[in-house]
Amino acid sequence: VQSYVEQFGDTCAANTAVSSDNRDDQFPRVCALAFLCRLNPSNRLHQRLMEELVQRLLRKDAEISKSKVRYYSNSIQHRVKNRVWQTLLLLLHKLRLEFVSDCVLSHVCEAGFCSNQASVKYLIEWTLILILHLNPSRIQNLWNCFSLEHEKTRTSICTFFSVLVHLNVLFPKLQDKEVQWRRAVEVSLQWCFNHNFSVRLYALLALKRVWELEDARALEENLGGLTTVVQACLQQAEAMQNTGNAMKNWSRIQEHFFFSAFHPIRDYSIETIFQTFPSLSELSEDEWLPLWKFESFVVFPMCAALPLKNRVRDLCELQPGDWIQQDKGVLEQDERWAEVQKKITPWKLSVQEQEPELMAQQRAARLGKLTSNLLVVASLIDKPTNLGGLCRTCEIFGAKALVLDSLRHINDKQFQALSVSSELWLPMLEVKPAELSDYLQLKKREGYWVIGVEQTSNSQSLQDYTFPERSLLLLGNEREGIPANLLQLVDVCVEIPQNGVTRSLNVHVSAALLVWEYTRQHLGQNPAAPRC
């Protein structure tokens, strides 16, 4: 918004009335958070606003979780989900207990079963602990999670064991302490024999912490024969100290910040939510909100329930450990999330993500460039030189995004030799060849016209073809062209008139000609000249 207003210069009164010295990307975020902190739960209008916002945030999180879009570390999806749960934690102490119990708790439990990045999982677990601490009568919701069968996310049960590790926070407020403690022991013990190593590890840690509860020492004698089994399991866990990798993992998980220094109640602060947790979760640094920004950007409201700083500094002084909680689930091979190395980008928040609209808008606003609704799909192309040249062409002529079979191509030296850093300025998507059919059908539903760059008996000549505004160019493989199953999804095939003997042009050259023709038709006769 600031960039848009500034382009009008002195003709816009706002530019002369208000200075724009602060160019920090995080300034709007801090202001928004300060506004939320000022909301008064006693005010019915404020209360309605907070409850509506919380429901929208939960829906947004569910939409991303249900989407088939790639969800990798520090992607836009990761960042959005992380901010969703940070905001929920910020507002939690202001919400009505009935609203949290009836409208929030079930969504939090459901989110725990989704495949999430580590930073998001920690925030979900923390939220669940705080909700149960506020309303201990809903502890049954936690036990229900251990009874559900989620075939595709079996290792997600670790999320709920992470909550159980902190039973010491909940135990003093529970009714029927003996019943609840016995339930915790039985649940942990049952999962200690799971076939998955990570699940066994989390279950053992939960069993160890539950068994060591000081308030429950007198209850051990009521377990009967189970006492011997529990002690045997715990002895086995300690015996892992002499068994190589098992020993390392057992030590790492116990030393991990979420299970060692972190206290869900004591460390409930702005600092932990927005600075300490992101740094310890290895979230990208541009997602950290340092404490000084809350103190210097705005007059941040003071609140006893959610202080600005941690009273105890133990957690803040830790460094990221080498135990990163992961939940890869049991997915089909062609549906697994792509782990993509984070790239250094010219401005913050311009990540290589799966929602090109956001990056296209950012690029247009920052550079004053025209951008289009042209998608170029090159998932069938495998030569890095062709892909690098395509990337450069698409960026120069303002394509909406370039789709590759793998984002790993961008780190290839041959790709970079032709792209000359254009990949930093162009939205890039990853769609595997096996997923192309679904992707094309999705884009057709969104109103895109799928155009095959191919010579067929019904192909239209490029010089006679008028491109729809929402055009998707599907490029064939260098040798095989477009396979038959994808040709069935193509709305029209376009070919380039030729006079020579050679049968076809290089795929990059063909694509460049079509991209230029689209640009000529839709962005005027004199588009912006390529930057040298």
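For region 410-532, the Cβ-based charge dipole about the Cα centre amounts to some 180 debye (Lys, Arg positive; Asp, Glu negative; other atoms uncharged). Rounded if a/c is under 1.5, else prolate if a/b beats b/c, else oblate: with a ≥ b ≥ c from the C-alpha gyration tensor eigenvalues square-rooted, which is region 360-512? Since a/c stays below 1.5, the shape of region 360-512 is classed as rounded.
Checking the a/c ratio against 1.5 first, then a/b against b/c, what shape does the Cα gyration tensor give for region 1-153? Oblate shape, in that a/c is at least 1.5 and b/c is the bigger or equal ratio. May I ask you to give the percent of accessible area on region 104-195 that is carbon plus sulfur, with a probe radius of 1.4 Å? Answer for region 104-195 is 51 percent, counting heavy atoms of protein chains only. Excluding ligands, DNA and RNA, the accessible surface per residue across region 86-236 is 40 Å² with a 1.4 Å probe. Please state the shape class of region 59-100: rounded when a/c is under 1.5, otherwise prolate if a/b exceeds b/c and oblate if not, all from the C-alpha gyration tensor. Taking the square roots of the gyration eigenvalues as a ≥ b ≥ c, region 59-100 is oblate. Rounded to the nearest 20 debye, the dipole magnitude of region 74-172 is 340 debye, with +1 charges on Lys and Arg beta carbons, -1 on Asp and Glu beta carbons, and the Cα centre as origin. Relative protection proxy for 161-168, 483-490, from highest mean packing down: 161-168, 483-490 (other beta-carbon atoms within 10 angstrom).
Peptides 373-386, 131-144 ordered by packing proxy, namely the average of other Cβ atoms within 10 Å per residue, highest first: 373-386, 131-144.
Checked against a 27 Å cut-off, the cross-linked pairs Lys94/Lys173; Lys81/Lys293; Lys60/Lys413; Lys413/Lys444; Lys60/Lys173; Lys121/Lys444 give Cα-Cα distances beyond that limit for Lys60/Lys413; Lys413/Lys444; Lys60/Lys173; Lys121/Lys444. When a 1.4 Å probe is rolled over the protein heavy atoms, the share of accessible surface on region 372-450 that falls to carbon and sulfur comes to 52 percent. Taking other residues whose beta carbon is less than 15 angstrom from the beta carbon of Met302, and scoring Lys, Arg as +1 and Asp, Glu as -1, yields +2. Using the Cβ of Leu462 as centre and a radius below 10 Å, the other residues enclosed give a net charge of -3, where K and R count +1 and D and E count -1. Among 448-454, 423-429, sorting by the average number of other beta carbon atoms lying within 10 angstrom of each residue, highest first, gives 423-429, 448-454. The accessible surface of region 455-499, taken with every protein chain in place and a 1.4 Å probe, is 39 percent carbon and sulfur. Extension gain for Gln231-Ala434 works out to 68.1 nm (0.36 nm per residue, less the C-alpha to C-alpha distance).
The values are calculated or read from the model by the stated rules, or taken from the named source; none is laboratory data. Every value quoted in this text rests on a predicted model; they were computed, and no experiment measured them. Cβ: placed from backbone, ideal geometry, glycine included. Neighbour counts: every protein chain shown. What goes into the accessible areas is simple: the full protein's heavy atoms, side chains included, and nothing from ligands, DNA or RNA. Shrake-Rupley method; radii C 1.70, N 1.55, O 1.52, S 1.80 Å.
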